[in-house]
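Below you'll find the structure, written out as structure tokens, and then a few comments.
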Amino acid sequence: MAERYDAIVVGAGIGGATCAALLARRGLRVLVLDKNSLPGGKAMTVSKRGFRYELWPIVGGPAIGSQFSRVLDELGLAGEVEILAPKEKSVLLYRRADGEWARSVGSARPEDANPMALPELLALGETDFAEAARVLMDLLGMPPHEIDALDDLSFADLLARYRLPQSVISYWGMWINIVFVVPLDLVAASEAVRTLQDFSRGGAGRYHAGGFGRMAEVFCQSVERCGGRVLLRTRVERIAISDGVVTGVVTDRGSFEAPIVVSNAGIQPTVLGLAGAEHFDGAYLSRVRGLVPSWAIVGLRYFLDRPFFEHGMYIAFSDENYLHAARLAEIKAGKFPEDVLVFNVVPSIYDPSLAPTGKQCALVGTICTPDPDFAHGDALLDRLDATVRRLWPGIEGCIESVDRYLGSDVSSLTRDRAVPAQGGECIGLAQIVGQCGRHKPDARTPVRGLYLVGCDAGGYGCGTHQAADSGVRVADIVTREHRTRAAI
Ligand SMILES: Cc1cc2nc3c(=O)[nH]c(=O)nc-3n(C[C@H](O)[C@H](O)[C@H](O)COP(=O)(O)OP(=O)(O)OC[C@H]3O[C@@H](n4cnc5c(N)ncnc54)[C@H](O)[C@@H]3O)c2cc1C
């Protein structure tokens, strides 16, 4: 007979692991299944040749007071993962009109914020500075009900209410690209302002001691400590549904029963693949099929034979290389700017134990289409490599080896391709107008007992933080459902 649980969580990404840990802590008998050999999904930390690193650049925001801290507190595990929010951790590089790269070093801590750093980086004159400051004050002071009213407006349209110079638009374009991996002209203003306020209160550039993905590892250990079970290397092939009600899952290692299944596999792969379109009505299906994924980050991992980078995170941008919708179309056609946008994270700067003594690993990425079959991916990586060598000429003599990753790697590690040009997305669903705030897909599906968790439903914010936020919210919904069932 199949093993029976109170709830099965499909996927141990940040969203699934957060939700499962909270449910197990609240007394539900939980089974977590993931096809990978490690928890963490897109934010997994791997170990290789004495290094520990994420497969691509990952740092989090907010730094202080994040959902991760709240979840660790509820689990009684605050001492198990040290949250790192160092000073002098991040460098912004901006190529000014004269072609020179200007640089500004920042801290992950809100109390260290230097209000003059950005005006100096962008070389703003008095009038531009005053207007840029006015935008920031308006956005940071906006009350929640006004933010809610911005679901249908793009952030570009919100900024168009001000007279901003190109350098400030480029800054915001870069910020939206890096935080949400979508363009300024599509991102929902409500999502951008809410997240900006979180970053202003709590800083940004958080990392976790032992590797970013250690958080998901600890959450899965907590499931087991609370009497649940975590089965890795186990692919869910089908979510079992009978008469519109969930009954469990079928995996490559047998079947498991539960009245509640929470899927972290992505809304499109879950509805169209694992559950099956036949269980949903036409309106729900057409909404799910029409959902747009975030863009991708593709890139390179540099393994260096000496410590080369001094800081934990670098972002290099210019007026030409932040991406809006028209520029992505050019990337898709194989036309790239001379220097592409660069996002570079060096894990051992945050935690020196993550690299062998005297060595370093730098995880570099740039923005790209989420299509796992993108034809110009390797050419884009060549351009990224050339940009990196121009920005940091000394890196040349330190490189021991370089790995490459594309959207197809992100897809095979995490979510199945369920609709054309989807799978390699960096975040999950794009946080664009029509998909955020009151338009965000509900974590509850029309199938009784089937829930969605992770970046596709229920949460808001930047990448991993959105996934954790969803995990917290979905755990609350599922706990209520479980208790109601138990009471009747
Ligand atoms: C290149 C790149 C750079 C990024 N940089 C940042 C960053 O700097 N900061 C940030 O906050 N975020 C960043 N992100 C985004 C962030 O990592 C993701 O948004 C977040 O981790 C997604 O979490 P999730 O829980 O929604 O899902 P996922 O991480 O996608 O997890 C889904 C899990 O479900 C499992 N699964 C799927 N199907 C099945 C199945 N059939 N059976 C069993 N298991 C299954 C997968 O194996 C996976 O473990 C980055 C992502 C990428 C790809």
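Overview of results
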{"read-out": "1 or more residues open to solvent by 10 Å² or more (accessible area, probe 1.4 Å): qualifying strands (runs of 3 or more DSSP E) within segment 186-277", "value": "229-231, 236-242, 245-251, 254-257"}
{"read-out": "Residue 73 being open to solvent by 10 Å² or more (accessible area, probe 1.4 Å) and more than 9 Å from the ligand (Cβ to nearest atom)", "value": "yes"}
{"read-out": "Filter result (part of a helix (DSSP H, G or I), more than 29 Å from residue 270 (Cβ to Cβ) and either open to solvent by less than 30 Å² (accessible area, probe 1.4 Å) or small (Gly, Ala, Ser) (or both)) within segment 392-414", "value": "394, 395, 397, 398"}
{"read-out": "Residue within segment 281-292 that is within 30 Å of residue 78 (Cβ to Cβ) and open to solvent by less than 30 Å² (accessible area, probe 1.4 Å) present", "value": "no"}
{"read-out": "Residue match in segment 155-166 (condition: touching a strand residue (DSSP E or B) at 6+ places or on another chain (Cβ under 9 Å), surrounded by 15 or more Cβ atoms within 10 Å (Cβ to Cβ) and closer than 16 Å to residue 460 by Cβ)", "value": "yes"}
{"read-out": "Condition met for residue 484 (among the polar types (S, T, N, Q), farther than 24 Å from residue 36 by Cα and open to solvent by 40 Å² or more (accessible area, probe 1.4 Å))", "value": "yes"}
{"read-out": "Qualifying residue in segment 17-35 (condition: open to solvent by 10 Å² or more (accessible area, probe 1.4 Å) and over 18 Å from residue 481 (Cα atoms))", "value": "yes"}
{"read-out": "Residue ID - farthest from the ligand (Cβ to nearest atom), chosen from residues in segment 420-437 that are more than 24 Å from residue 150 (Cα to Cα) and open to solvent by less than 30 Å² (accessible area, probe 1.4 Å)", "value": "422"}
{"read-out": "The lone exception for residue 372 - which of (1) within 16 Å of the ligand (Cβ to nearest atom); (2) open to solvent by less than 40 Å² (accessible area, probe 1.4 Å); (3) closer than 20 Å to residue 335 by Cβ; (4) not hydrophobic (A, V, I, L, M, F, W, C) it fails", "value": "(3)"}
{"read-out": "Number of positions in segment 266-286 that are touching a residue at least 24 places away in the same chain (Cβ under 8 Å) and more than 30 Å from residue 379 (Cα to Cα)", "value": "12"}
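The values are calculated or read from the model by the stated rules, or taken from the named source; none is laboratory data. Note that the structure is predicted; figures quoted are calculated from it, not measured. So basically every Cβ, Gly included, is an ideal-geometry build from the backbone, and we count neighbours across all protein chains shown. Surface accessibility is based on the protein's heavy atoms, side chains included, excluding ligands, DNA and RNA. Shrake-Rupley method; radii C 1.70, N 1.55, O 1.52, S 1.80 Å.
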